[in-house]
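Structure record follows, encoded as structure tokens.
Bear in mind these aren't lab numbers, they're just calculated from the coordinates by the rules spelled out. Everything numeric in this text was worked out from a predicted model, so none of it was measured. Glycine also receives a Cβ, built like all others from the backbone with ideal geometry; neighbour counts cover every protein chain displayed.
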Amino acid sequence: MRYISNTPAQQREMLAQIGVGSIEDLLARIPTKARLSRPLNVPAAMAETDLVRHLRALSALNANADDYACFLGAGSYDHSVPSPINHLISRGEFFTAYTPYQPEASQGTLRSIFEYQSMMAELTGMDVANASLYDGASSVAEAALMAHAVTELNAIVLSKGLNPLYRQVVETYCEGPGIRLKSAPIGDGATDLDALRKAVSGQTAAVVIQHPNFFGCLEDVKAAADIAHAAGALLIVVADPVNLGLLTPPGALGADLVVGEGQGLGVPMSFGGPNLGVFAAKQELVRRMPGRLVGATVDLDGQRGFVLTLQTREQHIRREKATSNICTNVALCALMATIYVAIMGKVGIRKVGELSTAKAHYAAETFAKIPGVRLRFTAPFFKEFTLELPKSPERVAKRLMKEKILAGVPLKAFDRAQKDCLLVAVTEKRTRGEIDAYAAALAAAVA
Amino acid sequence: MHTAKPGYDKLIFELSCPGRHAHSLPECDVPVSDPAQLLPKEHLRAAPPELPEVSEVDVVRHYSRLSQMNYGVDTHFYPLGSCTMKYNPKINEDMARLPGFARLHPLTPEVAAQGALRLMDELSRDLAEVSGMDHVSLQPAAGAQGELAGVLMIRAYHLARGERRTKVLIPDSAHGTNPASTALAGYSVVELKSEQNGDVDLLDLERHLGDDVAAFMITQPNTLGLFESRIHQITEMCHAKGVQVYMDGANFNAILGITRPGDLGFDVCHFNLHKTFTTPHGGGGPGAGPVGIKDHLAPFLPTPVLVKDGDEYAFDWNRPQSIGKLQAFWGNFGMLVRAWTYIRTMGPDGLRAVSDNAVLNANYILSRLEGEYDRSAPGPCMHECVLSARRQKKLGVTATDIAKRLLDLGFYAPTTYFPLIVEEALMIEPTETESKETLDEFCDAMIQIAREARDNPQLIHDAPVTTPVRRLDQTGAARQPRLKWTPQAK
């Protein structure tokens, strides 16, 4: 019981102070009928050495990105994680603190969140970003709810280029409020703008578009903004902030809300969670935003300090009328992203985008030269692209695993129409050697 | 408190020096490196983002200093009621960072992620055992998302039976997330009055139970820190009217191995792994909020559902009645590894000892402080106690003032002004990991503050003075929100 400090002698002293004979006496309000009359049926306690041995063996069953060249994407990416991040976030004062309810004793957390908000606003080109939501998918869902609340309209149009896993989360969140979801199809890899124009109506609260989209293709965000705004709807852009050092920020293209997954900013893939939900908005929407916000203020002596602010939007004040139910967020992941952006800085964040693009395009070009293999779409793409294969993508991926290559995400499970396709992501970490080895293995697999 | 360099008042942006950098990125090893040759020009950012230009030592020193401007459990006693700020074991961190877990992509083929899936299966079975529930979904990212999942499953259950129920009953003592999650699931919230001790008012409950009610949602033990002893009667009353009963698991740390929500008649409960199961709170998250249910709700579990076929683990996506997905992938897996590690470290006896000692510690604080502060309810409490600063308020000293003075005396503050039904509430949760010595120091400080309230209230009003900043202008911050750094902001 190494995490329990009281000794039996201390327990007796404490019981004497309380004036009872045993801990059991303190539990007298729990009726016998409500008691568990046996020990819990969970495995016996393990010593630390045994535990470590066991978990190392369990973790070794997993094909991870240290042992394999990872070309998997679709919302989680193997970008580089600079060494200082883990050291800094592991400091107990960050790691073991909680929500900064007492700002005077939480300036470290508050200051870093203020920096995070500033960085996300800058990258997205928006006026204000919140202190993070759970992940990209739930951020899109919260944005849809917010658009519904702001416009008092009842339909949301989602591009088919939106990550299908995100779409499923939006469906879950929109069930209760009864928001109707419509789809805008994709044409050659990007959203079909004519179809989008037909899908919006006077009832549309928002148009949701992902850029680059699920298939890796770049969207015409400005045109989508014009279509949404002409109908009186908001434009929600789903973006990956790690790309925004190089790509035009959605805020400059007419987005009203920019949301997305921030995992690429120094957060480990961790089998998909915890991730980092990014949420940024135009100034006029700030009081309708979900989640926490940190603001600058001054203390009694006039010194600059930071506090949680505009809390009247939140569930501990407004209860059932709150803008959302989010309480615990992912502050530590936001801290990882803050340190990541600080390390990459103005130049490095652009370089990550340049390297990823260059390597992805080299990979796509190399793979497409293999007989029977072709690029599914001709629309411009960024760091991810869709390959069409002459053989089952599942089987090809399985074969490449033998070469220690995680080849990509087969799309059959997401979209029957893309059943011959493999979604391939290339980050700045992939080397030319890995890409060439992939090409050789792929050529052999489809031959 | 160990403060940062005195007066340290920088933001990372203010350390920027053009031309300085901290990144170490590889050279481009493919032929075409210029994005302008690869992408249409209109997609490329016209000007680089205004981000800091700093060196690695700038970064390390800055965030080390910021960390020193925080109180955490590693450095301070953190009696924040209802948040269960217990010690976060270091082994948990090492295990979550094993490359096979931390560097695993969520869409790795299932056959190549069997270790992760097995760990998830074992954790969900352990949580089912601890709660007496039949199934557990690990997908919710936090307690509030667990609540949403639970309420949506209840909604789907009623709809599948052809019943359109529109209301959810929630006591006035509930956590704010309960009404917020319920409203998000499309229900109207009916607030029930609690009795003086936070127990459910059975007459009021009886009055409101009807065939338009979908669920009754309560916290057990309640938010005044008391076990609701008529719980079987309550769940039976609800079930007689077809109403599902939801247990908010925020206070699970009080009942490990003592009693199980499933045995008490609850249909749904969520767990806060960052509370009971020692995953770190991280300055406000990430958490994890798995949700446990009884068999009759199983068809509605979030997709995908982890299944075991022989020795192979896999995700089952074919769940036509599912409420759908809650986050993009499978749950906050990094937190699941920590919770699994903790349960294996403790074993059945260890888990039971957690609750015994959490209850002992809370009652010890209560018995030492009830002379100076008003207690909010009679009888022994469970793992937390709620005091009222009613007496001090008459002297002009509020719960906020007491909280601020505690910061100067070397403690983080209790939760203040919750539950809402207690005037000037101070909600104290010591947890099992604190020693008698620490509790004594804390109680001494609280007693000292009560004395100062009588003798020298100005001292309390001036607090805190040892923190990096003094009391902050919250009203001003809300009136003119400044939510990001600009070059002129200094």
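The shape of region A:1-133 comes out oblate: with a ≥ b ≥ c from the C-alpha gyration tensor, a/c is at least 1.5 while a/b does not beat b/c.
Straight Cα distances below 22 angstrom link A:K222 to the lysines A:K160, A:K182, A:K198, A:K282, A:K383, B:K41, with same-chain residues fewer than 8 positions distant left out. The residue among B:A160, A:I435, A:G187 whose Cα reaches farthest toward the positive pole of the charge dipole of the protein assembly as shown, with charges on the beta-carbon of Lys, Arg, Asp and Glu, is A:G187.
Peptide packing for B:466-474, B:279-287, A:352-360 was compared via the average number of neighbouring C-beta atoms within 10 Å per residue; ordered from the highest value, the list is B:279-287, A:352-360, B:466-474.
For B:T219, the residues 5 or more places off, or on other chains, whose built amide H falls under 5 Å of its own are B:D248.
A full extension of the chain between A:D420 and A:D66 corresponds to an added length of 124.6 nm, given 0.36 nm per residue minus the alpha carbon distance.
Binning all Cα-Cα separations of chain A at 10 Å, short to long from zero, yields these whole-percent fractions: 4, 18, 26, 23, 16, 8, 4, 1, 0. Counting only DSSP H runs of at least 4 residues, each contributing -39500 (n - 2.57), and dividing by the residue count of chain A, the helix-based mean residue ellipticity at 222 nm comes to -11500 deg cm²/dmol. Every helix of 4 or more DSSP H residues in chain B counts as -39500 (n - 2.57), and over all residues that averages to -11000 deg cm²/dmol at 222 nm.
Using only alpha carbon pairs under 8 Å that are at least six residues apart, calculate the relative contact order of region A:126-186 and give it in whole percent. Numbers along the way, then the final one.
Numbers: 59 pairs, mean separation 24.8, N = 61.
Once divided by the residue count of region A:126-186, the mean separation gives 41 percent.
The Cβ shell under 12 Å around A:K346 holds other residues with a net charge of +1, Lys and Arg each +1, Asp and Glu each -1. If you bin all the Cα-Cα distances of the protein assembly as shown at 20 Å, starting from zero, the percentages per bin are 15, 48, 32, 5, 0.
Placing unit charges on each Cβ (+1 for Lys and Arg, -1 for Asp and Glu) gives the protein assembly as shown a dipole about its Cα centre, and among A:P82, B:H461, B:S33 the Cα reaching farthest toward its positive end belongs to B:S33. Mean separation of Cα pairs under 8 Å and 6+ residues apart, divided by the residue count of region A:282-364: what relative contact order is that in percent? Dividing the mean separation by the residue count of region A:282-364 yields 19 percent. Using a Gaussian network model of chain A in which every pair of alpha carbons under 10 angstrom is joined by a spring, one finds that among A:N163, A:N325, A:N243 the greatest mean-square fluctuation is at A:N325. Placing +1 on the Cβ of every Lys and Arg and -1 on the Cβ of every Asp and Glu, with nothing else charged, gives chain A a dipole about its Cα centre of roughly 920 debye. What FRET efficiency, computed as 1/(1 + (r/R0)^6) with R0 = 25 Å and r the Cβ-Cβ distance, is obtained for A:E13 and B:L409, rounded to the nearest 0.05? About 0.60, to the nearest 0.05.
Helix A:331-368 and the longest principal axis of the C-alpha atoms of chain A enclose an angle of approximately 30°.
Take every pair of alpha-carbon atoms less than 8 Å apart whose residues are at least six positions apart; their mean separation over the length of chain A yields a relative contact order of 19 percent.
Taking Cβ atoms as reference points and 9 Å as the exclusive limit, the residues near A:Q10 contribute a net charge of 0, counting Lys and Arg as +1 and Asp and Glu as -1.
I'd like the distance separating the alpha-carbon centroids of region A:259-328 and region A:160-231, in whole Å. Region A:259-328 and region A:160-231 have Cα centres separated by 25 Å.
Cα convex hull, region B:86-146: 121 Å³ per residue, rounded to a whole number. Dipole of the protein assembly as shown computed with +1 at Lys/Arg Cβ and -1 at Asp/Glu Cβ about the Cα centre; of B:P261, A:V341, B:G72, farthest Cα towards the positive end is A:V341.
Dipole size of region A:312-365 about its Cα centre, with +1 on Lys/Arg Cβ and -1 on Asp/Glu Cβ: approximately 220 debye, rounded to the nearest 20. Summing charges over neighbours of A:G277, with a neighbour being any other residue whose Cβ is under 9 Å away from its Cβ, gives -3 when K and R count +1 and D and E count -1.
With the alpha-carbon atoms of region A:186-312 aligned to their principal axes, the span from lowest to highest coordinate is 59, 38, 24 Å, starting with the largest.
Using the Kyte-Doolittle scale, find the helices of chain B whose mean hydropathy is at least -0.5 and whose Cα atoms extend 30 Å or more along the helix's long axis, counting only whole DSSP H runs.
Helix filter hits for chain B: B:333-369.
At q = 0.17, 0.22, 0.25, 0.29 Å⁻¹ the log10 of I(q)/I(0) for region A:259-323 amounts to -0.83, -0.98, -1.03, -1.12, computed by Debye summation with a single uniform scatterer per C-alpha, solvent ignored.
For the pair B:D455 and A:Q303, label points projected 7 Å from Cα toward Cβ lie 2.8 nm apart. Both the radius of gyration and Dmax for chain B are 25.3, 78 Å, in that order, over alpha-carbon atoms.
With 0.36 nm allotted per residue and the present C-alpha distance subtracted, the B:K394-B:D473 stretch has 26.0 nm of extension available.
Sorted by packing (mean other beta-carbon atoms within 10 Å per residue), highest first, where do A:141-151, B:172-182 land?
Numbers: A:141-151: 23.7, B:172-182: 26.4.
The peptides rank, most packed first, as B:172-182, A:141-151.
Basic side chains Lys and Arg get +1 at the Cβ, acidic Asp and Glu get -1 at the Cβ, and with that the dipole of region B:155-268 about its Cα centre reaches some 380 debye. Between A:L123, A:L332, A:L27, the residue with the greatest mean-square fluctuation in the GNM of chain A (Cα pairs under 10 Å linked by springs) is A:L27.
Taking a straight Cα-Cα cut-off under 13 Å and skipping sequence neighbours fewer than 8 places away in the same chain, the aspartates and glutamates within cross-link reach of A:K359 are A:E384, A:E428, A:E434, A:D436, B:E27, B:D29, B:D34. The DSSP beta bridges internal to chain A are antiparallel in roughly 55% of cases. Taking amide H positions as modeled 1.01 Å from N, with prolines and chain starts lacking one, the residues under 5 Å from B:A22 and 5 or more places away or on another chain are B:V54.
Tell me the angle of helix A:8-18 to the major Cα principal axis of chain A, expressed in degrees between 0 and 90 and rounded to the nearest ten. Taking Cα atoms only, the helix is inclined about 70 degrees. Taking the Cβ-Cβ separation of A:K369 and A:R2 as r and a Förster radius of 56 Å, what is the calculated FRET efficiency to the nearest 0.05? Computed FRET efficiency for A:K369 and A:R2: 0.40. Counts of other chain beta carbons within 10 angstrom of each beta carbon in peptide A:183-191 average 0. For B:K393, the lysines whose Cα comes closer than 19 Å to its Cα, not counting residues fewer than 8 places off in the same chain, are B:K404. Hey, in the GNM for chain A with a 10 angstrom Cα cutoff, which one of A:A74, A:A97, A:A407 fluctuates hardest? Looking only at A:A74, A:A97, A:A407, the largest GNM fluctuation is found for A:A97. Shown here for region B:377-441: trypsin sites (Lys or Arg not before Pro) in loop regions (DSSP other than H, G, I, E, B) with at most 16 other Cβ atoms within 10 Å, namely B:K394. Projection of the Cα convex hull of region B:326-370, averaged over all directions and equal to a quarter of that hull's surface, yields 5.2 nm².
Could you state the angle between the C-alpha long axis of helix A:107-124 and the longest principal axis of the C-alpha atoms of chain A, as a value from 0 to 90 degrees rounded to the nearest 10? Its long axis makes an angle of about 10 degrees.
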